[in-house]
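The values are calculated or read from the model by the stated rules, or taken from the named source; none is laboratory data. Given the structure is predicted, the values throughout are model-derived calculations rather than measurements. As a convention, Cβ positions derive from the backbone with ideal geometry for all residues, glycine included, and neighbour counts pool all protein chains shown. Ligands, DNA and RNA are excluded from the accessible area calculation, which covers all protein heavy atoms including side chains. Shrake-Rupley method; radii C 1.70, N 1.55, O 1.52, S 1.80 Å.
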Amino acid sequence: GFLDRVALGNEEWNPWEGDERSELVASQQRYEANLKAIKNARSNLEQASLRVQIWGKAAIGLYLWQHIFGGHLQPADVTAQWREGSQKAGETYFSFITGPSVVPGYFSVEAENVVLVLNGREKAKITYATQWLHYTQTLIQTHKIQHVAVVLLGNEQCNNEWIQPYLKRHGGFVNLLFVTYDYALVNEEDIFQWPLGVATYRNFPVVEPSWSMLHDPRSYLCNFLGTVYKNSSRETLMKILKQDGLDKLCWIAARDQWQPQETNESFKNYQDALLQSDLTLCPVGINTECYRIYEACSYGSLPVIEDVMTPGDCGNSSMYHSAPLQLLKTMGAPFIFIKNWKELPAVLDKEKKMSLQEKIQRRKKLIEWYRNFKAWMRQKFINTLEHSFLPSDKG
């Protein structure tokens, strides 16, 4: 695949074959390469075999574009009515549009291939997502577009049945589905698991690791800032932290009700907690996967994950047998997985004995893994689209 192409490119160029004929060929090739570069500079579009327009109608679209693709948006103002960006990747020229002004029928469709980013968390969101799908279906029927992929923020209990009739395999028009959480129908053919990522709806930034983030001692062994629901494992976690006085060594800010609206102060507190803690505790919520996991990775704070399945229809797929968090485990995430918070005191005990040097190595490994994970997801996304959308060479 991708790596083979890179390797092949290196093999073809051998600077030590110096006879005249190959020099002539080489100069001809250089001339053609220069010509190609000039054409390329004139327009990226001419070079791209595939043009894909991404319509970001859910916050995970920003994770896809800004965090996984490393793309930018203009204007930078997150409250703007219309934001857009573009980049060339692989054989493909991608453009991305998002914002409240991106409304069915009121913007120009500029590619034959579309990726639709939708929210399928709850009923009202599904109704809105369905309107987008119907608009897209009309564009297919009128031959304005040819191929459609959907990136879906799935339901936390994996109740995504509503999307199935839209898939090609069920007589619909959606070629590919990338869906969050451990959806049992992930098959790596037309349905792929997608990472939840960071809370872009709270404007969580793309974090560039600094020297001090990697090397400075951190003030806290661990952190947990979040809601403690009645009769949940989070209550158990709080008890364990208190009984051993471990809460004195950790940055703990528990509340008993979820707060959708973040203040500047509470958000800064959260970022400081990630930056100042060696470990980030990730108890299960409605689903095991949470934004906190990816946000902790961004700051080099190792996630300690409660590795248990939550109620609902999530589970192993035909491709993966390591639910929950199949995607992260398959990608070798270097996290600490525990089955019960009673294991936490032993984890923190070990933590106290670690040298700063060991912690620095671990942070570097975590940040490097996370960078590679995002690069791998980007490459897989591009390869999957190209494989599905480009005409095959078979004739």
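Couple of notes before you dig in:
- For the stretch 261-277, filtering for residues that are polar (S, T, N, Q), under 22 Å from Met354 (Cβ atoms) and surrounded by fewer than 22 Cβ atoms within 10 Å (Cβ to Cβ) leaves 1.
- Scanning the stretch 373-395 for residues that are open to solvent by 50 Å² or more (accessible area, probe 1.4 Å) and either in the same structural domain as His215 (by the TED database) or not polar (S, T, N, Q) (or both) yields Ala375, Trp376, Arg378, His387, Pro391, Asp393, Lys394, Gly395.
- Evaluation of Thr280 against (1) surrounded by fewer than 16 Cβ atoms within 10 Å (Cβ to Cβ); (2) closer than 20 Å to Lys339 by Cβ; (3) modelled with pLDDT of 95 or more (one fails), failing number: (1)
- Listed conditions (1) over 22 Å from the mean Cα position of the chain (by Cα); (2) closer than 15 Å to Ser298 by Cα are all met by Thr200, apart from (1).
- Taking every residue in the stretch 376-388 that is more than 14 Å from Arg51 (Cα to Cα) and touching a residue at least 60 places away in the same chain (Cβ under 8 Å) and pairing it with any residue that is part of a helix (DSSP H, G or I) and open to solvent by 20 Å² or more (accessible area, probe 1.4 Å), at least 6 positions away or on another chain, the pairs with Cβ-Cβ distances below 6 Å are Gln379/Phe2.
- Screening the candidates Arg292, Arg255 for the property of being in contact with a strand residue (DSSP E or B) (Cβ under 6 Å, 6 or more places away or on another chain), of a type in the set (D, E, K, R), farther than 25 Å from Lys374 by Cβ and open to solvent by 20 Å² or more (accessible area, probe 1.4 Å) yields one hit, Arg255.
- Restricting the stretch 324-340 to residues that are under 19 Å from Val186 (Cα atoms) and in contact (Cβ under 8 Å) with a residue 12 or more places away in the chain, the residue that is surrounded by the fewest Cβ atoms within 10 Å (Cβ to Cβ) is Gly332.
- Candidates Asn316, Asn231 - the one that is loosely packed, with under 14 Cβ neighbours inside 10 Å and out of contact with any Pro (no Cβ under 7 Å at 6 or more places or on another chain): Asn231
- Pair list, Cβ under 7 Å, 6 or more apart: the stretch 129-147 residue under 15 Å from Asn119 (Cα atoms) and among the small types (Gly, Ala, Ser), other residue at pLDDT 95 or above and in a loop (DSSP other than H, G, I, E, B): Ala129/Gly120
- The stretch 109-145, residues that are under 28 Å from Ile286 (Cβ atoms) and polar (S, T, N, Q): Asn119, Thr127, Thr130, Gln131
- Cβ-Cβ contacts under 8 Å between residues 6 or more apart (or on different chains), taken from a first residue in the stretch 248-276 that is outside any loop (DSSP other than H, G, I, E, B) to a second residue that is loosely packed, with under 15 Cβ neighbours inside 10 Å and at pLDDT below 85, are listed as Ser266/Gln259.
Matching residues to (1) outside the structural domain of Val174 (by the TED database); (2) open to solvent by 60 Å² or more (accessible area, probe 1.4 Å); (3) under 19 Å from His147 (Cα atoms):
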{"residue": "Lys57", "(1), (2), (3)": "no, no, yes"}
{"residue": "Val78", "(1), (2), (3)": "no, yes, no"}
{"residue": "Gly85", "(1), (2), (3)": "no, no, no"}
{"residue": "Pro104", "(1), (2), (3)": "no, no, yes"}
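- Sole residue being at pLDDT below 95 and either over 30 Å from Asn160 (Cα atoms) or of a type in the set (Val, Ile, Thr) (or both), chosen from Asp349, Asp393: Asp393
- Filtering the stretch 71-111 to residues that are of a type in the set (Phe, Trp, Tyr) and not in a loop (DSSP other than H, G, I, E, B) leaves Tyr93, Phe94, Phe96.
- Only one of the numbered conditions (1) within 30 Å of Ile286 (Cα to Cα); (2) free of Cβ contacts under 8 Å to residues at least 12 places away in the same chain is violated by Tyr106, and that is (1).
- Among the residues of the stretch 87-123, those that are within 18 Å of the chain's Cα centre (by Cα) and polar (S, T, N, Q) comprise Gln87, Ser95, Thr98, Asn119.
- Test result for Leu366, outside the structural domain of Ile68 (by the TED database), touching a Pro at 6+ places or on another chain (Cβ under 8 Å), of a type in the set (A, V, I, L, M) and farther than 17 Å from Cys282 by Cα: no
Results for (1) buried (at least 17 other Cβ atoms within 10 Å of the Cβ); (2) closer than 30 Å to Glu386 by Cβ; (3) assigned by the TED database to the domain that holds Glu110, shown as yes or no for each residue.
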| position | (1), (2), (3) |
| --- | --- |
| Val151 | yes, yes, yes |
| Glu161 | no, yes, yes |
| Gln164 | no, yes, yes |
| Arg169 | no, yes, yes |
| Gly197 | yes, yes, no |
| Glu208 | no, yes, no |
| Gly226 | yes, no, no |
